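Readers should treat all values here as calculations from the given coordinates under stated rules, not as data from a laboratory. Worth saying up front: this structure is predicted, and the values here are computed from it rather than measured. A quick note on method: Cβ atoms are made from the backbone with ideal geometry, for glycine too, and the neighbour counts reach across all protein chains shown.
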């Protein structure tokens with residue numbers, strides 16, 4: 001392995017850590033609203049039930065250090081976490097499939113606070129094409145290649161029916177999309193260079209139902 005590749009791998013943050021960091025950020029923001037100025041990993045641990053040593057280890061990936069017996073300065077911790085997680089830079093995205101879930105995401109203006117702006121959507125429904133939802137234009141799917149020339153976009157949000165999930169994914173990748181946020185229960189296939197984040201509501205439901213049944217049996 002080359003030294004450049006080794007350095008790159010050493011900078012790679014474990015996915016579980018990346019999943020936990022937004023929890024810390026939300027918790028610290030709540031503490032700020034309560035007037036707190038400093039916070040320790042022990043305080044965060046008590047709020048979100050994650051071991052303090054794990055929190056300290058996760059925060060070691062972030063360029064910030066706490067003060068002995070005082071902890072982290074809250075304003076600095078918020079700023080550093082938001083920058084580290086990419087929430088301070090606005091990433092533009094296209095959404096494919098303006099059904100009930102796609103429409104809900106278009107209405108979710110809060111995504112901008114976490115660095116994602118859906119600038120346009122695509123569908124084949126003639127009742128939707130040419131309209132706007134929450135101010136976001138909806139184009140025909142066939143217009144995607146042309147719109148890629150007009151917008152500075154590299155993220156695709158996938159909320160299409162499962163039977164066309166792979167087809168639309170291939171279409172997005174061929175058109176220049178570099179990352180796919182997949183909300184379908186279909187495990188899409190992409191080249192290694194494409195980033196995929198699967199967020200299947202149905203999978204999470206399955207886990208919740210299973211745990212619920214287990215607890216009821218006990």
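How big is the equivalent ellipsoid of the stretch 48-138 along its three axes, where each semi-axis is √(5λ) from the Cα gyration tensor, reported in whole Å from largest to smallest?
Working: eigenvalues 317, 33, 19 Å².
Calculated on Cα positions only, the semi-axes equal 40, 13, 10 Å.
Relative contact order (percent) for the stretch 3-84, with alpha-carbon contacts under 8 angstrom and 6 or more residues of separation?
Worked out over the stretch 3-84, it gives 34 percent.
Of all DSSP beta bridges located in the stretch 91-203, what percent are antiparallel, nearest 5?
10
Calculate the spin-label point distance for residue 194 paired with residue 67, positioning each point 7 Å from the Cα along the beta-carbon direction, and give it in nanometres.
Output for this residue pair reads 5.0 nm.
Which FRET efficiency value, to the nearest 0.05, is calculated for residue 89 and residue 37 with the Förster distance at 45 angstrom and r the Cβ-Cβ distance? Walk me through the intermediate numbers first.
Working: r = 27 Å, r/R0 = 0.59.
My answer for the efficiency is 0.95.
If each residue of separation counts as 0.36 nm, what is the full-extension length gain between residue 30 and residue 57 once their alpha-carbon separation is subtracted?
That pair, residue 30 and residue 57, stretches by 7.6 nm at full extension.
Report, to the nearest 10°, how far helix 201-217 tilts away from the longest principal axis of the Cα atoms in the chain, using its own Cα long axis and a range of 0 to 90°.
Taking the Cα atoms of the chain, the angle to 201-217 is about 50 degrees.
Where the centre of each part is set by its Cα atoms, how far does the stretch 41-88 sit from the stretch 168-188, in angstrom?
Between the Cα centres of the stretch 41-88 and the stretch 168-188 lies a distance of 33 Å.
Normalised by the residues of the stretch 67-171, what does the relative contact order come to in percent, with Cα pairs under 8 Å and at least six apart?
Across the stretch 67-171, relative contact order equals 30 percent.
If I fit a long axis through the Cα atoms of helix 165-175 and take the longest principal axis of the Cα atoms of the chain, what angle between them do I get, 0 to 90°, rounded to 10?
Helix 165-175 and the main axis of the chain meet at about 90 degrees.
Tell me, what is the percent relative contact order of the chain, built from C-alpha pairs under 8 Å that lie six or more residues apart?
On the way: 280 pairs, mean separation 27.7, N = 218.
The normalised contact order for the chain reaches 13 percent.
Measure off 7 Å from each Cα along the Cα-to-Cβ vector at residue 148 and residue 210, then give the distance between these two points in nanometres to one decimal.
Once both label points are built, they end up 3.7 nm from each other.
How are the Cα pair distances of the stretch 64-218 distributed, in percent, across 10 Å bins from 0?
Going from the shortest bin to the longest, the percentages are 10, 33, 29, 17, 10, 2, 0.
Ranked by Cβ crowding within 10 angstrom, fewest neighbours first, how are 123, 83 ordered?
Listed from fewest to most nearby Cβ atoms, that is 83, 123.
Quick check: pseudo-label points 7 Å beyond the Cα along Cα→Cβ at residue 104 and residue 23, how many nm apart are they?
Once both label points are built, they end up 2.2 nm from each other.
Tally the DSSP beta bridges in the chain and give the antiparallel ones as a percent, rounded to 5.
The antiparallel fraction comes to roughly 20 percent.
Fewest to most neighbouring Cβ within 10 Å: what's the order for 118, 78?
Ordered by Cβ neighbours within 10 Å, fewest first: 78, 118.
Using a Gaussian network model on the chain with a 10 Å cutoff between Cα atoms, which of 38, 87, 144 fluctuates the most?
Most flexible of the set in this elastic network: 38.
Take 214, 171 and order them by how many other Cβ atoms sit within 10 Å, fewest up front.
Ascending Cβ contact count within 10 Å gives the list 214, 171.
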